[in-house]
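Comments concern the structure below.
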Amino acid sequence: MRYFIKTFGCQMNYSDSERIASVLEKNNLKPVENISKADLAVFNTCGVRQMAEDRVYGQVHNLRKNNPNIKIILTGCLSNRKDVRRILENKVDLFVEIKNVGTAITKFVIANEVKQSRSKNNRLPRRSAPRNDIYNKDYFKIIPKHDNNFQAYVPIMTGCNNFCAYCVVPHARGREISRPAGEIIKEAKRLIKKGYKEITLLGQNVNSYKDGNINFPKLLKKINNLPGKFWLRFISSHPKDMSDELIETIAKSKKACEYVHLPIQAGDDKVLKIMNRKYDAKHYLKLIKKIELAFEKYKPGIIYSLTSDIIVGFPGETKNQFLKSAGIMEKVPYDMVYFGQYSPRPNTIAWKMKDNVSKKEKVRREKYLNEILKKTAFANNKEYVGKVFDVLIEKRKDGVYFGKTRTLKNVKLPSKKKNLVGKVVKVKIIKANIWNLAGTMIK
Ligand code: SAM
Ligand code: SF4
């Protein structure tokens with residue numbers, strides 16, 4: 001059997017898909033590059049916005065129409081929603097929560113092989129016995145099949161306890177559970193030994209990680225102290241839990257990248273309160289100042305980058321309240337902001353509130369903020385010109401390599417050299433654009 005995994009949404013889902021691929025391959029399935037050639041398609045879904053949900057409906061419908069015999073499994077954020085199950089019940093063969101993929105997918109594959117084989121020759125199929133570890137009830141014990149051999153995601157927790165008024169994650173993914181630190185460190189050691197250059201720790205709110213007396217800064221320190229050359233990243237941080245200890249640890253740690261993603265969501269205190277974010281704009285700006293000072297203290301002169309998430313058009317957000325988000329963007333020199341036009345999500349607190357900012361106005365507000373972002377990102381990028389940075393090369397196309405700095409800037413560089421993908425090279429930046437940099441490799 002051949003499989004194809006379609007992943008929607010965030011890094012968390014991409015990381016989950018790496019574990020799903022591992023389960024499928026241990027069951028002797030082979031990956032294919034095109035979904036039309038697959039016998040089994042897995043939709044790993046995202047329910048954060050309606051648009052992502054609609055794309056799943058459209059693609060599942062089309063796939064079933066064009067390929068009536070394909071087996072379809074649906075997992076991720078939408079897998080447990082009754083309304084979704086009702087809409088797709090005749091199209092999807094198995095709905096499975098992500099934490100159960102190990103056992104559920106294995107059972108499903110075996111049952112289908114048996115069925116197929118019976119209908120063909122009335123005999124049970126010959127298959128190598130599935131290994132015990134794929135039956136393991138603990139999802140984290142599945143060893144993922146990483147997308148490449150130089151960058152890896154390592155989930156450190158699942159779920160979320162914060163119940164931000166707009167957000168479906170706590171409803172779709174359940175309460176927050178921290179993964180044992182020993183298990184995380186074991187996974188990091190395995191990756192470092194295999195030569196991985198970049199490790200990204202994942203959680204909805206990594207700042208609230210806790211395993212006994214090991215909090216997130218302590219975990220970060222432990223991984224930073226592992227021998228080997230690698231870059232360490234993490235997402236996402238919640239401003240309400242961003243401690244001084246964590247800021248100091250990030251700035252001090254050699255391997256932790258000079259990149260902090262700190263989503264503010266809105267600039268107006270009343271909106272933040274209704275969003276249930278549990279901080280105000282003043283607290284957020286104080287954190288940004290502390291981060292800047294910490295980098296200046298522990299890595300003087302280093303270029304660092306700050307990024308955020310902002311929602312536009314939250315229910316009741318007035319023009320003046322929106323302008324407070326713009327005000328934050330004028331004050332913080334962001335390198336990137338991920339904008340989300342508010343999308344009502346079932347079961348959330350905001351679901352009951354009137355979605356009273358029109359689509360047209362949400363688009364206008366996003367464009368307005370994007371213009372500010374273009375200015376700060378471009379000004380920041382110009383600081384790179386003439387300086388030399390380590391760049392992790394991710395791919396090559398038409399004689400040009402593409403990679404990223406520790407600050408997550410996209411860099412393109414032409415080079416005739418072969419086999420640079422997956423390597424960290426020294427690059428002199430010669431040109432700054434709004435969304436990327438151009439450079440030349442130095443010896
Ligand atoms: N845990 C992270 C945090 O607290 O910042 C974010 C995780 S959430 C899955 C990713 C982003 O999606 C959020 O930061 C928010 O900006 C956006 N988002 C979540 N729910 C949304 C909604 N209902 N409408 C629009 N954007 C939304
Ligand atoms: Fe959603 Fe808020 Fe949890 Fe982030 S912290 S996942 S935005 S509920």
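What follows draws every value from the coordinates through simple rules; no lab data is involved. From a predicted model like this one, the values you see are computed outputs, not experimental measurements. Cβ placement follows ideal geometry from the backbone for every residue including glycine, while neighbour counts extend to all protein chains displayed.
Listed values, structure above:
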item	result
Whole-angstrom Cα spans of segment 289-350 along principal axes, big to small	46, 26, 17
Segment 146-382 - convex hull of the alpha-carbon atoms, volume per residue in Å³	133
Alpha carbon convex hull of segment 388-441, volume per residue in cubic angstrom	69
Virtual spin-label span in nm between Tyr14 and Lys270, 7 Å along Cα→Cβ	3.9
Rg/Rh (Cα only; Kirkwood hydrodynamic radius) as it applies to segment 128-229	1.00
Mean projection area, nm², convex hull over Cα of segment 220-309	5.9
Under the Debye formula (equal points on every Cα, no solvent term), log10 I(q)/I(0) of segment 15-74 at q = 0.16, 0.18, 0.20, 0.29 Å⁻¹	-0.57, -0.71, -0.85, -1.26
Additional length obtainable on full extension of the chain from Lys194 to Val363, 0.36 nm per residue less Cα span	56.3 nm
DSSP-defined antiparallel bridges as percent of all bridges, the chain, nearest 5	40
Extent along principal axes [Cα atoms of the chain; Å; largest to smallest]	71, 58, 49
Packing-based order for 164-173, 379-388, using average beta carbon neighbours within 10 Å, highest first	164-173, 379-388
Pairs of Cα atoms farther than 25 Å apart, segment 245-394, %	36
Size of electric dipole in the chain: Cβ of Lys, Arg +1 and of Asp, Glu -1, about Cα centre, debye, nearest 20	1240
Across the chain: Cys residues that no other cysteine approaches within a C-beta distance under 4.7 Å	Cys10, Cys46, Cys77, Cys160, Cys257
Loop GluC sites (Glu not before Pro), segment 1-100, which have at most 16 other Cβ atoms in a 10 Å radius of their Cβ (DSSP)	Glu33, Glu89, Glu97
Peptides ranked, highest mean first, by Cβ atoms within 10 Å: ranges 259-267, 54-62, 194-202	259-267, 194-202, 54-62
Sequence ranges 304-310, 270-276, ranked by mean other-Cβ count within 10 angstrom, highest first	304-310, 270-276
The chain, helix-only ellipticity at 222 nm - DSSP H runs n ≥ 4, -39,500 (n - 2.57), divided by all residues, nearest 500	-11500 deg cm²/dmol
